[in-house]
Structure formats: structure tokens, C-alpha cells
Amino acid sequence: MKQSGELGFRVGTGLFGLVLISIVAAIGFELTRQSMLSIQKFGLNFWRTQTWDPVVGEFGALPFIWGTLYSSILALLIATPVALGIAVFISELCPGWLKQPLVFLTELLAAIPSIVYGLWGIFVLVPLVRTLATSTPQTLRQLPLFTGPPLGVGMLSAGLILAVMVIPFTSSVAREVLKSVPVAQREGAYALGATRFEAIRAALFYARTGIIGAVMLGFGRALGETMAVTMVIGNNAKASWSLLAPQHTMAAVLANEFSDADTALYLSALIEIGLVLFIMTLIINSLSRVLIWSMARPA
């Protein structure tokens, strides 16, 4: 009787786990089915062409894929040093009376709705970037990174606001990864005469796999961000290296144009963009989780 109860419990909880797998599979299946018209018409050209013209029925997702990757990578370059600094300070150097307030504030940043970040970006970041652009020396304005009108809305504003949004996720996961480093690792470093900085550096090296996973998890978070980026990136479907030029992302084009899709092909092209974003996010988040789990698994 006891064994049958345990078997029933295992089967029941296993079914709940299968529900999650079924939901993910159903999302992927439905996105693929709804985007078949666009897939059949454009094929791989959809991924590598820049033309996005609903009037003539020509659709290419390259500007949106470029803008999504560019803004997310830019956000990581800005956020990763800050997030790791926060994680190291809280886990290694922070006084006891200050640790819990800092952890609470970090988690609070992660809970702020993206629309609030977007409003903050419009009223704070956009004027700041506009001022920075107008004060940029003319010699730098000739470089591809700094060309474009000093509007304030553009790739740099999107990257900055994404960095602020990614910091709490990356720092929280990195902090947990550092907590999983064995105490013997630090004690061994001190026993060999290492300074506190050298001991922390050794802990970071030991936890490097999990830290990379934390950074990739933040990358996955940045890829799918919608409202805040939509409000500050400028929404111009043109790929560019410029930090100042208005550009576009996959999530932003879905939010802006989905309700305006008046033809089956237009709607299918938008859904295919959603499928591409779904696949990219799934792959990156899966890789990050694998890295974090490999770090947490006992040797």
C-alpha cells in the first residue's frame, strides 16, 4: 500500500512536470504553424534581408535580429562588471548589517515593471544621451559608432536601460553561484598566504562556469525585453553600427505592428519573428541553466 502511494505520488508530480514541457512544445508548434506562410514564401532570405515593407509585401527580419542582438550585447558589456561587483561585494565584503538591505534592493529592481523603466528612460536617459551626443567631438562623430542625429532615442539609450534591467538578475544569480563555492577553497587560499583579493579572485575563477551562466541568463532576459526598449530605441527598421541612430528589435516590432497586420502574409511574418525570438531565448536560457547546474552539482 505504501509503495503504491509513493508510485502514485511520483506519477502525479511527473505529470505536472510534463505540463511545462507540453506548454513549451505547444508554443513552438503554434508559432511554427502560424508562420508557415512566411517561411514558405521567403525561406532563409527572411533572416538576411533588410527590407520591411508591408505595403508591397516584402519582409526581412535582419534589422530586428541585429537590433535585438546589438542592444542585448551592449547591455551585457555595461551590466556585467557592475553586476559582478555587486555580487562580490554582497557575498564577500559586505558588512552583516548592510547585506540584507542590499539584497532587498537588488530584488526590488528586478520587480519593477518594464513600463516604469521605459518612463524613466524617456525622462532621464534620453535627455542624457542627447546631451552626450551633442557634446561629442566632431572627430568622433565621423566614426560609425557615433554617426546619426542627436535625438536621444536610439541604440545607446536602449542598451543603457537594458543594462539597468539586467543587473539585478545577473547579480542575484552570480551571488548564489559564489555562495556555492566551498569554504575550503577560500581557506586553502588563505593557508597558502593569499591576500583577501587573491582569495576572492580564486573563488571567482572556481565559479567561472556558473558566472558565465549568470551572464547568459541576463542575456536571455535582455533579448525578450519589450516595452522599455520600445519606448527609447526609436523603432527604425534599419541595421546600423551607430549607438545614436534609432533602430528596432524583434520584441518591439511585435508590440508596435501586430495589431496593424492587415494581411495574412504580414501577420505570418510577424509571427515568424516571434518564432525566431522564441528559439533564440530558449537556446540561450537552456545553455545558461546547464552552466549554472553544472556549477551547483557537487563534485
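The values are calculated or read from the model by the stated rules, or taken from the named source; none is laboratory data. The shown structure was predicted, so the numbers you read here are calculated from the model rather than taken from an experiment. Don't worry about glycine lacking a Cβ; one is built from the backbone with ideal geometry, like all the others, and counts go over all protein chains shown. Surface accessibility is based on the protein's heavy atoms, side chains included, excluding ligands, DNA and RNA. Shrake-Rupley method; radii C 1.70, N 1.55, O 1.52, S 1.80 Å.
Among the residues of this structure, Phe64 counts as one that is open to solvent by less than 50 Å² (accessible area, probe 1.4 Å), aromatic (Phe, Trp, Tyr) and in contact (Cβ under 8 Å) with a residue 60 or more places away in the chain.
Checked against the criterion of being modelled with pLDDT of 85 or more and either in a helix (DSSP H, G or I) or of a type in the set (Lys, Arg) (or both), the candidates Thr209, Thr230 yield just one match: Thr230.
Taking the criterion of being surrounded by fewer than 19 Cβ atoms within 10 Å (Cβ to Cβ) and either touching a Ser or Thr at 6+ places or on another chain (Cβ under 9 Å) or under 25 Å from Val82 (Cβ atoms) (or both), the residues of the range 227-241 that qualify are Met227, Trp241.
Checked across the range 12-29, the condition of being touching a residue at least 60 places away in the same chain (Cβ under 8 Å), hydroxyl-bearing (Ser, Thr, Tyr) and assigned to a helix (DSSP H, G or I) holds for no residue. Consider the range 213-226 and keep the residues that are surrounded by 24 or more Cβ atoms within 10 Å (Cβ to Cβ) and among the aliphatic types (A, V, I, L, M). The one that is modelled with the lowest pLDDT is Ala214. Of the helices (runs of 4 or more DSSP H) lying entirely inside the range 76-191, those carrying at least 1 residues that are in contact (Cβ under 8 Å) with a residue 12 or more places away in the chain, closer than 18 Å to Gly213 by Cβ and touching a helix residue (DSSP H, G or I) at 6+ places or on another chain (Cβ under 6 Å) are 96-111, 155-179.
This table checks each residue for (1) touching a strand residue (DSSP E or B) at 6+ places or on another chain (Cβ under 8 Å); (2) open to solvent by less than 30 Å² (accessible area, probe 1.4 Å); (3) aliphatic (A, V, I, L, M).
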| site | (1), (2), (3) |
| --- | --- |
| Phe46 | yes, yes, no |
| Val55 | no, no, yes |
| Gly60 | yes, yes, no |
| Pro81 | no, no, no |
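Within the range 47-63, at least one residue is out of contact with any helix residue (DSSP H, G or I) (no Cβ under 6 Å at 6 or more places or on another chain) and at pLDDT 90 or above. Somewhere in the range 216-226, is a residue of a type outside the set (Lys, Arg), within 20 Å of the chain's Cα centre (by Cα) and more than 24 Å from Ala61 (Cβ to Cβ)? Yes, because at least one residue in the range 216-226 is of a type outside the set (Lys, Arg), within 20 Å of the chain's Cα centre (by Cα) and more than 24 Å from Ala61 (Cβ to Cβ).
Inside the range 120-137, residues that are open to solvent by 80 Å² or more (accessible area, probe 1.4 Å) and either over 16 Å from Leu243 (Cβ atoms) or basic (Lys, Arg) (or both) make up a count of 3.
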